1. Out of everything in the stretch 1-30 that is small (Gly, Ala, Ser) and not in a helix (DSSP H, G or I), what residue ends up being nearest to Arg50 (Cα to Cα)?
2. Among the residues of the stretch 1-24, write down those that are open to solvent by less than 80 Å² (accessible area, probe 1.4 Å) and either modelled with pLDDT of 90 or more or among the β-branched types (Val, Ile, Thr) (or both).
3. Yes or no: Cys46 touching a residue at least 24 places away in the same chain (Cβ under 8 Å), closer than 21 Å to Leu2 by Cα, among the hydrophobic types (A, V, I, L, M, F, W, C) and open to solvent by less than 70 Å² (accessible area, probe 1.4 Å)?
4. Name the residue that is farthest from the chain's Cα centre (by Cα), counting only residues in the stretch 31-53 that are part of a strand (DSSP E or B) and within 9 Å of Cys13 (Cβ to Cβ).
Amino acid sequence: MLSVPPGRRVWLCVQPTDMRRSFDGLAAVVRQHLGEDPSSGQWFACLRRRRPQMQVLACGEGGSWVSRLRP
């Protein structure tokens, strides 16, 4: 389970995304499809086309991370 800190926004990119993308690939999706800055401190979730799976991209004071979530 992820805990979202108070005041943090979570953006959802509903266009299907290739789950093999790394941080740079997901950051490009965030810039192109959401028009947001991936280093803004917000969280960005990208969905996969056929399976209930997503990747979350986040940047913060301690660095950045990508996490793959499955139900």
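The values are calculated or read from the model by the stated rules, or taken from the named source; none is laboratory data. As the structure is a prediction and not an experimental result, all values here were calculated from the model. Please note: Cβ atoms are built from the backbone with ideal geometry, for glycine as well, and neighbour counts cover all protein chains shown. Only protein heavy atoms, including side chains, enter the accessible area calculation; ligands, DNA and RNA are left aside. Shrake-Rupley method; radii C 1.70, N 1.55, O 1.52, S 1.80 Å.
1. Top of the filtered list is Ser22.
2. Val4, Trp11, Thr17
3. yes
4. Leu47
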